[in-house]
Structure formats: structure tokens, C-alpha cells
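The values are calculated or read from the model by the stated rules, or taken from the named source; none is laboratory data. Everything numeric here is computed off the predicted structure, so don't read it as measured data. Positions of Cβ are generated from backbone atoms using ideal geometry, with glycine treated the same way; all protein chains shown enter the neighbour counts.
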């Protein structure tokens, strides 16, 4: 993970956007869980209140109905502003990364870059930097949100009953760590291979297009086409294997959510039978447990592609950590007025 530390430090100039996007994501997810939880209780309580005329007249429909509308509005508004904020932060980070990479690339003399083709450098400044949007948008921010939501929702269920809170916390802890770890172990090497094969495919494509006339002249067009097709097939095979891993971790997460909900239902039924929980609150517990897994659902896919992110980061650091053999003198110039051009020399 040390290879990602320089890129995490680059977030400092845009820390306000990063923190705001994370807060809005947390707010939206809590509103979504609150909406489903309160709706489950409201429907069950309304059904139970309709058993007799007296209970129906005594039941307060307005307060929970207003709560459902409030959660729905908060979720919609929060999702809208969360998308705007996180994407704004991501685009700012990508712009910062491109400027940072070019600032390190531009001073390097040709002797330092003789081992790199122009297509390789283009692939690094475009594809590798684009891969790093996974770091904030799909790894750091969702991980923070998942930890906060898991603690808050588990504490809420523990307030209802300690056994329910402990069951949910343990389930989220296992599913939130084990399943992403499985995805990371299965997809780490494949992600690194994807970065390498993507660079190879881009180089082969550019070589094929730029040298098409020479290849045709020397009757090598067909062999180069076969080579390009082989690179495409290799890339497709990697994408297929990554898709299969994505399907596996998604299925495991769905199974974990279903199993935890079933266990919570069985425990809730025993509590209702013992008179420690009302039937309407049983529906609240079931829907709350089911909705809480939305917090950790994005983690397996994010950590599955973390190997690809690390490989892209290593490609960028390979260039930025090099030093030029030429010493450029430090020249200071006066600040020109807008529209003026000033040449400085020593």
C-alpha cells in the first residue's frame, strides 16, 4: 500500500471536497437505511393497528408518514449533491495528478526516456491516471462510510436489544473484511496484468495504425493484424476472469446479507415470543439489517480492482521518481500583466 501514499498526499489541496463528498455519502446512506427501516415499521404497525376500530383511531399516522417523506427527500437530495461533490473532487484530483505527472515528466532529458515509447507515456498519463479515480471514489470514501454506518446502525440495534446489535456488528465485520479480502486476493494479480496488457494493446494499436503503409509495403500487415488480435483476446480473457470474480464476490455478499437477515428474523421471533419485542419492531429490525448491508456492498468490487490501481500508481511513480541528468538554472521573472509575453534568460 506504500505505493499509494504519494497519491493520497496529493488529496490535501482538495481535502474540503473529499471530506464533503464523504459526509454527503454517509448522510445519504443513513437516510436510505432510515427510509427502509421506518417504512417497514410503519407498514407493520399500520396493519396491526387496523385489527380493531379503537386501535386504528388511536394510531398516529402523521408522524411516521412525515418521517418517511423526510427520509425520502433527504435521500434524493443527498444522493444528488453527493454525486456532484464526489465527482467534482475526483475531477479535481485527476487534474492535479496530470499536472503533477507532467511537471515531473517535462524536465527529464531524452536519455532518461529512451526506454519508453510515446504510446507508453500516453497510456500512463491517460489510462493509469484514470485508474486512480478508483482510489478515492471507490476505496477510501466507501471504506470510511462503511465503518461509520456499521457502528451507528449496530449501536441502534443494540439499543433495541444487545443480541441484535451484536449479531449485526459481527456480520458486518466479517462480511466487510473477509469478502473484500477474497476479492482482493483473487483480483490483485489480474488487475496488474490488465494494466500491462492495456499498455501493450495500446502500443500495438498505435504501431499498427502509424506503420500501416510500411507494413503493407513489406507485406507484414496480416502478421501485425494477427499480433493485434492476440493482444485483444488476452485483454478480453482478463476482463472475463475479472467479471467472474465480480460475480463471485457479489454472490457472497448477497448470501451474507440474506443469512444475517434470516438469523435476525429468527432471533427477533424468539424475542417477540418472549414479550421483549413488539411485532411491529420485528419488521423494523429485519428491514434495518437488510438495508445496512448497502454500506459494505461496494467494498468487494473496490478492493478487487485495488491491484489494478496499485499497478497504475507504480507505473506513474516509475517516471516521477527519476531525476534529470541536466541541471536547469533557477530563473526568476517579473510577473507580467495579462496578455503580455516576457522572455527570461540567464
Cβ-Cβ distance below 8 Å, separation of 6 or more or different chains: which pairs start in the stretch 191-213 with a residue that is under 14 Å from residue 126 (Cα atoms) and end on one that is part of a loop (DSSP other than H, G, I, E, B) and at pLDDT below 80? 203/117
Checking residue 313 against (1) farther than 17 Å from residue 130 by Cα; (2) part of a helix (DSSP H, G or I), only one condition comes out false. Which one? (1)
Looking at this structure, is residue 140 out of contact with any helix residue (DSSP H, G or I) (no Cβ under 7 Å at 6 or more places or on another chain) and either crowded, with 16+ Cβ neighbours inside 10 Å or not in a loop (DSSP other than H, G, I, E, B) (or both)? yes
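Yes/no matrix, rows are residues, columns are (1) part of a helix (DSSP H, G or I); (2) over 19 Å from the mean Cα position of the chain (by Cα); (3) surrounded by 12 or more Cβ atoms within 10 Å (Cβ to Cβ):
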residue	(1), (2), (3)
3	yes, no, yes
15	yes, no, no
20	yes, no, yes
25	yes, no, yes
28	yes, no, yes
33	yes, yes, yes
36	yes, yes, yes
40	yes, yes, yes
47	yes, yes, yes
Output yes when any residue across the stretch 234-243 is assigned to a helix (DSSP H, G or I), modelled with pLDDT of 85 or more and more than 15 Å from residue 190 (Cβ to Cβ), and no when none is. no
If you go through the stretch 265-279, how many residues are assigned to a helix (DSSP H, G or I) and in contact (Cβ under 8 Å) with a residue 60 or more places away in the chain? 4
Out of 262, 228, 282, report the one residue that is in a helix (DSSP H, G or I), without any contact (Cβ under 8 Å) to a residue 40 or more places away in the chain and under 19 Å from residue 41 (Cα atoms). 262
Does residue 243 qualify as being surrounded by fewer than 19 Cβ atoms within 10 Å (Cβ to Cβ), farther than 13 Å from residue 171 by Cβ and touching a residue at least 24 places away in the same chain (Cβ under 8 Å)? no
For the stretch 250-272, check the following and say yes or no: at least one residue is over 25 Å from residue 152 (Cβ atoms) and within 28 Å of the chain's Cα centre (by Cα). yes
Lone unmet requirement of (1) over 20 Å from residue 246 (Cβ atoms); (2) touching a helix residue (DSSP H, G or I) at 6+ places or on another chain (Cβ under 7 Å); (3) modelled with pLDDT of 85 or more for residue 124: (3)
Regarding residue 216, is this residue assigned to a loop (DSSP other than H, G, I, E, B) and either modelled with pLDDT under 80 or surrounded by fewer than 17 Cβ atoms within 10 Å (Cβ to Cβ) (or both)? no
If you check every pair at least six apart or on different chains, which have Cβ atoms under 6 Å apart with a residue in the stretch 163-181 that is on the phi > 0 side of the Ramachandran plot first and a residue that is modelled with pLDDT of 90 or more and in a helix (DSSP H, G or I) second? none
Test residue 129 against the stated conditions and say whether it is surrounded by 14 or more Cβ atoms within 10 Å (Cβ to Cβ), under 16 Å from the mean Cα position of the chain (by Cα) and under 21 Å from residue 206 (Cα atoms). yes
